[in-house]
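Coordinate-derived values only; no laboratory data. None of these values were measured; they are calculated from a predicted model. Note that each Cβ is placed from the backbone with ideal geometry, even for glycine, and that neighbours are counted across all protein chains shown.
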């Protein structure tokens, strides 16, 4: 049974599969690759999905839904005729349609998928996406961030060129910006940022409202059907501006036709606030990565809304570089998801590839705010943009000297106060609890409190284990898992997390390099022997960081150094050269190097 990759988009969705040594897009029943993310309920109760549903957005707006991806993980309910749907139920109908298309294309059952999500989706939205997959009859163990998928697609397509890329993923409903470094067979995400409420649909609505202002039409007074018609016409004009200008937008209003010529310059002026909102995620991701624009090798623009000339021009001016010519805005994410599906299936051609991602939001616990006790503070443990999987520990103290119990409240988010972040769960050290609220402080206070150690272990599939250990060694733990994950699956995942991941020293390439260095040490004497010894210590210290990207770069440097030793042994040539295999140019910190 095949594993497929799915780009579940706000406007369109599509699927791909790794087959015959390449990633292939999967056509739908109409022979197209893009399936509109729309659902409609016919008068006879039958469900329409895709193009047939999108065509009913105007004629049967009360029975049709689109753009529901924006409400994933919320309590929003869509009323379609006599039926009520949650966002994940509507998404499940799209996923089921893609699953059936894939089965028809491949001629075999499809029971598992890797689904792409916006990098800035929080835990409730990610869990809702997995539930949608389960409702569609798909096992979804892995979600991949959309910019990460796009970077993987570009890496495969360009023949594994080493680059530092900024991926600007601008779709129908969301904007994601990621800093991705590609080196040999490793694709590593360095930082992510985004806006879950900024996309092409916002341009459609703003264009429609600007048109109404300039033509004297009261948009708010129009019926829902007429509003949908205006927004759809705005979308059509927006897309047409990618090929020509001006474009005339015309509508019937009170018995007469009202028209207005639209240009890209007009669009920029009409949608100025939306362009301004693009700046923040770009600045944030560069700041988090500790990089400047000059250090970027490539700008990759993906997502259907990246077709807009005004968006391309605006982002190009901001970053002072043109987007990569080989970017595939509509299909890059699906192709990347298909590659990730091939990696998960352990396809032979992809077995050497390593994909690392980062935690998009900070995870932490609530601590007492002594200045304002009613406003609990967020104490980060795993911060955003930390490479996953990750396991980190912090020490806390009881907030009061007479306290006998602690309550660990777990949150996700970037805000100072817990009330502004997402509550994930809580764990108590004891059965009884003296007082309500948080019982943790960052400092020992009067020094009579006994410290507790709080460890967070978080994996790339969204499993979070929180473990609390008091001074006496008593342990309490909580596992926050996706609702569709069985207890057996969770326990198996926890067992894997106990090691986190295979240590880089155990991989084939580092093992061979270490053995090669040890042989060189035995075969040399004096200066060469001491040099090999220092290099080996340096290399192993880098491997101990368990960062796949740093390990790959260090391996390349180590190979170069060992080759020089082998070529120069006995000639004295090498020892007149001050060769420093440091990684100072790989990260912004000092390394102890030979």
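Applying 1/(1 + (r/R0)^6) with R0 = 22 Å to the Cβ-Cβ distance of residue 223 and residue 250 gives a FRET efficiency near 0.75. Of 95, 80, the sequence from fewest to most neighbouring Cβ atoms within 10 angstrom is 80, 95. Under conditions of 37 °C and 0.692 mPa s, the stretch 1-131 yields 217 µm² s⁻¹ as its translational diffusion coefficient, taking Rh as the Kirkwood radius over Cα pairs in the Stokes-Einstein equation.
Between residue 564 and residue 79, the contour length at 0.36 nm per residue exceeds the Cα-Cα span by 167.6 nm. Panel order for 319, 335, by other beta carbons found within 10 Å of each beta carbon, from fewest to most: 319, 335.
How many angstrom separate the Cα center of the stretch 190-264 from the Cα center of the stretch 319-340? Each part reduced to its Cα centre gives a spacing of 27 Å.
Taking the Cα atoms only, what angle lies between the long axis of helix 272-289 and the longest principal axis of the chain, rounded to 10 degrees? With rounding to tens, the tilt is 10 degrees. In this structure, residue 164 and residue 349 have a Cβ-Cβ separation that, at R0 = 22 Å, corresponds to a calculated FRET efficiency of about 0.30.
Against the chain, whose longest principal axis is taken from its Cα atoms, helix 87-106 shows a tilt of about 80°. If you take the Cα centroid of the stretch 345-423 and the Cα centroid of the stretch 62-81, the two points sit 31 Å apart.
Rounded to the nearest 0.05, what FRET efficiency do residue 240 and residue 422 give with R0 = 51 Å and r taken as the Cβ-Cβ distance? Could you check?
0.80
Its relative contact order, with pairs defined as Cα atoms under 8 Å and 6+ residues apart, puts the chain at 11 percent. Taking Cα atoms only, the orientation of helix 224-240 departs from the longest principal axis of the chain by about 60 degrees.
Per residue, the chain reaches -10500 deg cm²/dmol at 222 nm when only DSSP H runs of four or more residues are counted, each adding -39500 (n - 2.57). When 26, 382 are sorted by how many other C-beta atoms sit within 10 angstrom of their C-beta, beginning with the fewest, the order is 382, 26. Peptides 367-380, 59-72 ranked from most to least packed, by the mean per-residue count of other Cβ atoms within 10 Å: 59-72, 367-380.
Based on the Stokes-Einstein relation at 25 °C and a viscosity of 0.890 mPa s, and on the Kirkwood radius from alpha carbon pairs, the stretch 165-261 is assigned a translational diffusion coefficient of 156 µm²/s.
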